[in-house]
Amino acid sequence: MAEGRLVVRGGTLVDETGERTGDLLLGDEGTILAAGEDLDVPAGATVLDAGGCIVAPGLVDLHTHLRQPGNEEAETVETGCRAAALGGYTAVVAMPNTDPPIDCAAVVREVLDLGATAACEVAVAGAITKGRRGEQLAPLGEMADLGVRLFTDDGAGVQDNRLMRRALEYASALGVTLAQHCEDEALAAGGHMHEGEWSSRLGIPGVPSDAEELMVLRDIALARRTGGRVHFLHLSTAGAIEAVRAAKAAGLTVTAEAAPHHFTLSHALVASYDPLYKVNPPLRTDDDITAVKAGLADGTIDAIATDHAPHPPEAKEAPFDQAPPGMLGLETALALALTELDLPVRDVLGLLSWRPARIAGLHRHGGPLTEGAPANVCVIDPAATWTVDPAALASRSRNTPYAGRTLTGRVRHTVLHGEAVVVDGEAQR
Ligand code: DOR
């Protein structure tokens, strides 16, 4: 019989099934032994105070750049997962645009091994094409054999229509999902920000909304043709979201995510020429921000994903047109969602936890918080206000666009497989 090791006491349990006050007793073997009111604390058990807090299934990020192997000056699996745990995540999907890219079983194994001792569970997304070059299919089957459930060339979209169709046919046979970075490279070529009023005023070449929308429309057509599952990464435009809404209404099994910066930051910020605001897809218009929020509210967008993209300071100190795109996200996503989205807390948690867990096939995450379920939990103080300080972040990089912004909602504790990896906002691993 497993022994109770941790008691999460005095919070409101919130999961897909509803809300109730109660404690959790978590066992040595990484499962929830009991969930209910006023549980006895076994001798020797540690108590995590959840007074005034929400106790939720751990968050799941579908879109994390951990940068290892190859770009360890920006992030490592260890530092990225520490940042994730502090942000309330118990699982992240590591993106394959590493060096070498994650495009074969050997590199998948390497990243999974690095993740085995990290502060959150690491799932891996494999590349769709060899070297992410968009020319030949990567060995999807050997990566799927290691448990890879999502494949993407993120950082680039698969441009070749025929290759994408073939990839979807394979994916369908393997029962895996293709996650698309929706960007038509010919239309986007040379662009560094959203093409619109601000790119004209600033004289910076733009990336038109059509670059995203055309690829979304193509993949919807190919998903319909092949029966393959497509997940749309970091959607940023009203037109793309409308296309996904129509595809879902027509019964297609497409899914979509949006990143916090696409519902909190406008392209007008680029007027500072500060590369901290450079990201791909770019920050868009107020109408697009409204559309992302509407998509999150009505279920068109299934998940909030961070697109956590660490870059070292020297890279982000380059001139705007030479700096790499990307922003940190893991430590601010939950608070941004709680602060900026006009949604019930349980809906926000669905977008951050159980819905992405399902898309990634991570069945040990996302709850519900019931006896016998895996003990992957986060405890959130919804009233805590805090100000983002780049120097205080656990990520190895500092490129957050939210420095100085005051947010409401903070992670107090995170429990991974029954072990407290964050206690009172402090990382334990
Ligand atoms: O802004 C971005 N940064 N978008 C991407 O698609 C890739 C990412 C990165 O790897 O830095």
Where the eigenvalues come from the Cα gyration tensor of region 125-229, what are the semi-axes √(5λ) of the equivalent ellipsoid, largest first, in whole Å? 30, 14, 10
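Give the carbon-plus-sulfur fraction of the accessible surface of the chain in %, rounded to a whole number; probe 1.4 Å, heavy atoms of protein chains only. Walk me through the intermediate numbers first.
Values: 7450 of 15850 Å².
Summing carbon and sulfur atoms, their accessible area is 47 percent of the total for the chain.
Run the numbers on the chain and let me know its relative contact order in percent, using alpha-carbon pairs under 8 Å that are six or more apart. Display every interim value, and only then the final one.
Working: 1102 pairs, mean separation 87.2, N = 429.
Relative contact order, the chain: 20 percent.
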Rounded to two decimals, the Rg over Rh value of region 180-321 from Cα coordinates and the Kirkwood Rh reads 0.98
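How high is the relative contact order of region 320-429, in percent, counting Cα pairs under 8 Å that sit 6 or more residues apart?
Values: 141 pairs, mean separation 28.8, N = 110.
Computed over region 320-429, the figure is 26 percent.
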For region 31-48, Karplus-derived ³J(HN,Hα) couplings (6.51, -1.76, 1.60; θ = phi - 60°; whole Hz; x for glycine and proline) come out as 10, 7, 7, 7, 9, x, 7, 6, 5, 5, 8, x, 4, x, 6, 8, 9, 9
Glu185-His363 pseudo-label distance in nm [points 7 Å out on the Cα-to-Cβ vector]: 3.8
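Order of 241-251, 202-212 by packing, highest average Cβ count within 10 Å first?
Listed from highest to lowest mean packing, they are 202-212, 241-251.
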So what's the gap between the Cα centers of region 1-69 and region 224-241, to the nearest angstrom? 34
Apply the a/c threshold of 1.5 to the C-alpha gyration tensor of region 1-123 and tell me whether it is rounded, prolate or oblate. prolate
Projected onto their principal axes, the Cα atoms of region 369-429 stretch, largest extent first, over whole-Å spans of 41, 26, 17
Any chance you could list P(r) for the chain, counting all Cα-Cα pairs in 10 angstrom bins from zero, rounded to whole %? 5, 23, 33, 26, 10, 2, 0
Packing-based order for 381-392, 330-341, 81-92, 189-200, using average beta carbon neighbours within 10 Å, highest first: 81-92, 330-341, 189-200, 381-392
Whole percent per 5 Å bin, from 0 to the bin with the longest distance: what is P(r) over all C-alpha pairs of region 239-368? 2, 10, 18, 20, 19, 14, 9, 5, 2, 0
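Quick one: pull the percentage of alpha-carbon pairs in region 182-239 with a separation above 19 Å.
Values: 594 of 1653 pairs.
Taking all Cα-Cα pairs of region 182-239, the fraction more than 19 Å apart is 36 percent.
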For region 145-158, just list the computed ³J(HN,Hα) in residue order, Karplus coefficients 6.51, -1.76 and 1.60, θ = phi - 60°, integers in Hz, with x standing in for Gly and Pro. 4, 8, x, 5, 10, 10, 10, 7, 9, 2, x, 9, x, 6
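Could you work out [θ]222 nm for the chain from helices alone, using -39500 (n - 2.57) per DSSP H run of at least four and dividing by all its residues? Round to the nearest 500 deg cm²/dmol. Intermediate values should be presented prior to the final figure.
Working: 14 runs with 124 residues, N = 429.
It comes out at -8000 deg cm²/dmol, rounded to the nearest 500.
FRET efficiency for Tyr273 and Ala297, Cβ-Cβ distance as r, R0 = 41 Å, nearest 0.05?
Values: r = 33 Å, r/R0 = 0.81.
It comes to 0.80.
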Gained length - Thr387 relative to Glu317, 0.36 nm times residue gap less alpha-carbon distance: 22.9 nm
Could you give each residue of region 300-311 its phi-based ³J(HN,Hα) in whole Hz, using Karplus coefficients 6.51, -1.76, 1.60 with θ = phi - 60°, and x for Gly or Pro? 4, 9, 7, 8, 9, 10, 6, 6, 3, 10, x, 9
Using modelled backbone amide H atoms (1.01 Å from N, in-plane), which distant-in-sequence or interchain residues come within less than 5 Å of Met327's amide H? Ala309
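The values are calculated or read from the model by the stated rules, or taken from the named source; none is laboratory data. As the structure is a computational prediction, the values presented were derived from the model and not from experiment. Quick reminder, even Gly has a Cβ in these numbers, built from the backbone with ideal geometry, and neighbours come from all protein chains shown. The area values use the complete protein model at the heavy-atom level, side chains included, leaving out ligands, DNA and RNA. Shrake-Rupley method; radii C 1.70, N 1.55, O 1.52, S 1.80 Å.
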